[in-house]
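Colleague: Below are the structure tokens for one structure; questions will follow.
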Amino acid sequence: MITEPVKGFSKWSKQAKIEWLINHYTSNADAALEMLQGYWHHDEKIQKLHDEFIENTITNFYMPFGIAPNFLINGKMYTMPLAIEESSVVAAAAKAANFWLERGGFKTKIISTTKIGHVHFIWNGENHQLLHHFFNKIKPLFFEHTAVITRNMVLRGGGILDIVLRDKTDLEPGYFQLEATFETCDSMGANFINSCLEEFAKTLREEAWKYEEFADESKEIQVVMSILSNYTPQCLVRAEVACKLEDINEGSGIGNEEFAEKFCRAIRIAEIEPYRAVTHNKGIMNGVDSVVIATGNDFRAIEACVHAYAARTGKYKSLTHAEVVDGEFRFSIELPLALGTVGGITSLHPMVKFSHEILGHPGAGELMQIVAAAGLAQNFSAVRSLITSGIQKGHMKMHLLNILNQLEATEEEKSQIVEYFKHHVVTFSETVKVFCKIRGISEESLARKTK
């Protein structure tokens, strides 16, 4: 383990970085090198592409890429690409897709695609009304000075929608914002928005010094930062499913009305109890993030935005809602999803390009609807399991192979153990017990071996 700082690391060759890492931080340098190189792509061109996505790349980090067919969304069939490591997610998505396929599928619609950004600045003048007069006078200049930046976006139907001045001095002395809204069409638009905002900031500072109505002490505007917001509550999509009450329950062992009542109650609990809501919404994001990652979008931004949206009333709540109206079961979700289908790595990463291909090369709006359907499907499967068989029965059966791989079971041993658990509840301890019995070893000797 090295204790001294390393200098100029980013300028080292890839091989030098690897040698430094494995020589100082691993107990078996040869094994570590073999493992790292084992995850390199066999095509040097593709590997170089991956190396250049980020700084200090030494290898690739693989994540399972699965598919869930039979998603019927607005009358169109989709096969959903999902990149995730959690065992039961793809199975749950596919199960929900099949369930709703026979009940009309998912209905989705875009509510809005507006994105937002701010120039955060300090102005210490006393006459706030004067600042508003100044803003109104120079507002056309913001559009004029960004015309070169916005030209191509405008040609595609997007651009700057509006700019307003926000007074935040009740929260922080002298704090104001230029709040701008944007339409970025099929791109996520981060670079476009930030470029516009930085030009706004420049115009704001320069025009303040020219404004004759300002006294000398109020001419200075201190720009703190110019940055888009990943909170996009106006970039909103809705997805829903519905069916007659007599069609809602299939093979769960309880009546239709009881199923619907328990399902709706579970959703209401997630609407009123934050401890449940967090886990509930995490399950939704299992589906959302899987598609977001597979399509090369920023899942961290989506996560931050969605959870802020879930707390927009001042209390963290469920993102989904369920009800029975006039004998019809209805289940829906509204999500803020700022997604892109052009730009970023969408045209660079081979698997991302493949994901867009199997989805039929959707635009950003269509992708929003696809992702919302994935989140709703995932939540339906999770809540359905919770109110019937329990979450662990299905989850642990999907997790069984992970346990067996951890135990280094042979294919024959896996086959026997999987067959056994078709009729028994899967737990880690029971799996170990059955594994040891089949292999003919004691649990104590296995414990010593795996330490």
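Where a number appears in this text, it was derived from the coordinates with a stated rule and is not lab data. Note that this is a predicted model, so its numbers are computed, not measured. Cβ atoms come from the backbone with ideal geometry, glycine included; neighbour counts cover every protein chain shown.
Colleague: May I ask you to sort Met80, Met35, Met153 by Cβ crowding, counting other Cβ atoms within 10 Å and putting the fewest first? Working shown, then result.
Modeller: Details: Met80 27, Met35 13, Met153 21.
Ascending Cβ contact count within 10 Å gives the list Met35, Met153, Met80.
Colleague: Applying 1/(1 + (r/R0)^6) with R0 = 22 Å to the Cβ-Cβ distance of Ile46 and Lys76, what FRET efficiency is obtained, to the nearest 0.05? Present the calculation step by step, with values, prior to reporting the outcome.
Modeller: Details: r = 31 Å, r/R0 = 1.43.
It comes to 0.10.
Colleague: If you filter the stretch 43-83 for GluC sites (Glu not before Pro), then keep DSSP loop positions with at most 12 other Cβ within 10 Å, what is left?
Modeller: Numbers: sites: Glu44, Glu52, Glu55; in loops: Glu52, Glu55.
Listed in order of number, the matching sites are Glu52, Glu55.
Colleague: At a threshold of 8 angstrom on Cα-Cα distance, excluding pairs fewer than six apart, so keeping six or more, what relative contact order does the stretch 245-301 reach in percent? Don't jump to the answer; show the numbers that get you there.
Modeller: Working: 23 pairs, mean separation 9.0, N = 57.
This gives 16 percent for the stretch 245-301.
Colleague: Can you give the translational diffusion coefficient of the stretch 134-188 in µm²/s, computed by Stokes-Einstein from the Kirkwood radius over Cα pairs at 25 °C and 0.890 mPa s? Intermediate values should be presented prior to the final figure.
Modeller: Numbers: Rh = 12.7 Å.
Here the translational diffusion coefficient equals 193 µm²/s.
Colleague: Can you give the calculated 222 nm mean residue ellipticity of the chain, where each DSSP H run of n ≥ 4 adds -39,500 (n - 2.57) and the sum is split over every residue, rounded to the nearest 500 deg cm²/dmol?
Modeller: Working: 16 runs with 220 residues, N = 451.
Here the helix-only value at 222 nm equals -15500 deg cm²/dmol.
Colleague: Shifting gears a bit: List the chymotrypsin sites (Phe, Trp or Tyr not before Pro) within the stretch 271-374 that DSSP assigns to loop and that have no more than 14 neighbouring Cβ atoms inside 10 Å.
Modeller: Answer by residue number: there is no such site.
Colleague: Relative contact order of the chain, please, whole-number percent, based on alpha carbon pairs below 8 angstrom and at least 6 residues apart. Walk me through the intermediate numbers first.
Modeller: Details: 690 pairs, mean separation 76.5, N = 451.
Computed value for the chain: 17 percent relative contact order.
Colleague: Which peptide among 118-128, 135-145 comes first, and what is the full order, when sorted by highest mean count of other Cβ atoms within 10 Å? List each step's numbers first, then the result.
Modeller: On the way: 118-128: 17.2, 135-145: 14.6.
Highest to lowest by the protection proxy: 118-128, 135-145.
Colleague: Going out from 0 in 10 Å bins, what whole percent of all Cα-Cα distances in the chain drops into each bin?
Modeller: The calculated distribution, bin by bin, is 4, 16, 20, 22, 20, 11, 5, 1, 0, 0.
Colleague: Placing unit charges on C-beta atoms (Lys and Arg positive, Asp and Glu negative, everything else neutral), compute the dipole magnitude of the stretch 394-450 about its Cα centre in debye, rounded to 20. Mind dumping the intermediate values first?
Modeller: Working: 8 positive and 8 negative charges, 22 e Å.
Once rounded to the nearest 20, the dipole reads 100 debye.
Colleague: At 0.692 mPa s and 37 °C, plugging the Kirkwood radius over alpha-carbon pairs of the stretch 115-228 into Stokes-Einstein gives what diffusion coefficient in µm²/s? Show your work: numbers first, answer last.
Modeller: Values: Rh = 14.4 Å.
Answer from the Stokes-Einstein relation: 228 µm²/s.
Colleague: Which loop-located chymotrypsin sites (Phe, Trp or Tyr not before Pro) does the stretch 49-86 contain, where loop means any DSSP state but H, G, I, E or B and the Cβ has at most 15 other Cβ atoms within 10 Å?
Modeller: Details: sites: Phe53, Phe61, Tyr62, Phe65, Phe71, Tyr78; in loops: Phe53, Phe61, Tyr62.
Filter output for the stretch 49-86: Phe53, Phe61, Tyr62.
Colleague: Let me ask something else about it. Give the Debye-formula value of log10 I(q)/I(0) at each listed q (0.18 Å⁻¹), with one equal scatterer per alpha carbon of the stretch 394-450, two decimals each.
Modeller: Computed log10 I(q)/I(0) values: -0.53.
Colleague: By how many degrees, 0 to 90 and rounded to 10, does the Cα axis of helix 14-25 deviate from the longest principal axis of the chain?
Modeller: 60
Colleague: Here's another thing I want to ask about it. Does the stretch 196-310 come out rounded, prolate or oblate by the C-alpha gyration tensor, with a ≥ b ≥ c the root eigenvalues, rounded set by a/c under 1.5 and, if not, prolate when a/b is larger than b/c and oblate if not? Intermediate values should be presented prior to the final figure.
Modeller: Details: a/c = 3.99, a/b = 3.14, b/c = 1.27.
It is prolate, given that a/c is not under 1.5 and a/b is the larger ratio.
Colleague: Quick one: putting +1 on the C-beta of Lys and Arg, -1 on the C-beta of Asp and Glu, what dipole do you get for the stretch 115-228 around its Cα centre, in Debye to the nearest 20? Mind dumping the intermediate values first?
Modeller: Details: 11 positive and 18 negative charges, 92 e Å.
In debye, rounded to 20, the stretch 115-228 gives about 440.
Colleague: Additional query: Counting only residues 5 or more places away or on other chains, whose amide H sits under 5 Å from the amide H of Phe71 once H atoms are built in the peptide plane?
Modeller: Tyr78, Met80
Colleague: Also, quick follow-up: Treating the beta-carbon of each Lys and Arg as +1 and of each Asp and Glu as -1, no other charges, what is the dipole magnitude of the chain about its Cα centre, to the nearest 20 debye? If you can, show how the numbers build up before the last one.
Modeller: Numbers: 46 positive and 56 negative charges, 165 e Å.
So the dipole magnitude of the chain works out to roughly 800 debye.
Colleague: Here is a further query. To the nearest 10 degrees, how steep is helix 190-210 against the longest Cα principal axis of the chain, on a 0 to 90 scale?
Modeller: 20
Colleague: Next up: Can you put Ile193, Ile269, Ile54 in order, fewest other beta carbons within 10 Å first?
Modeller: Numbers: Ile193 26, Ile269 14, Ile54 7.
The order, fewest Cβ neighbours first, is Ile54, Ile269, Ile193.
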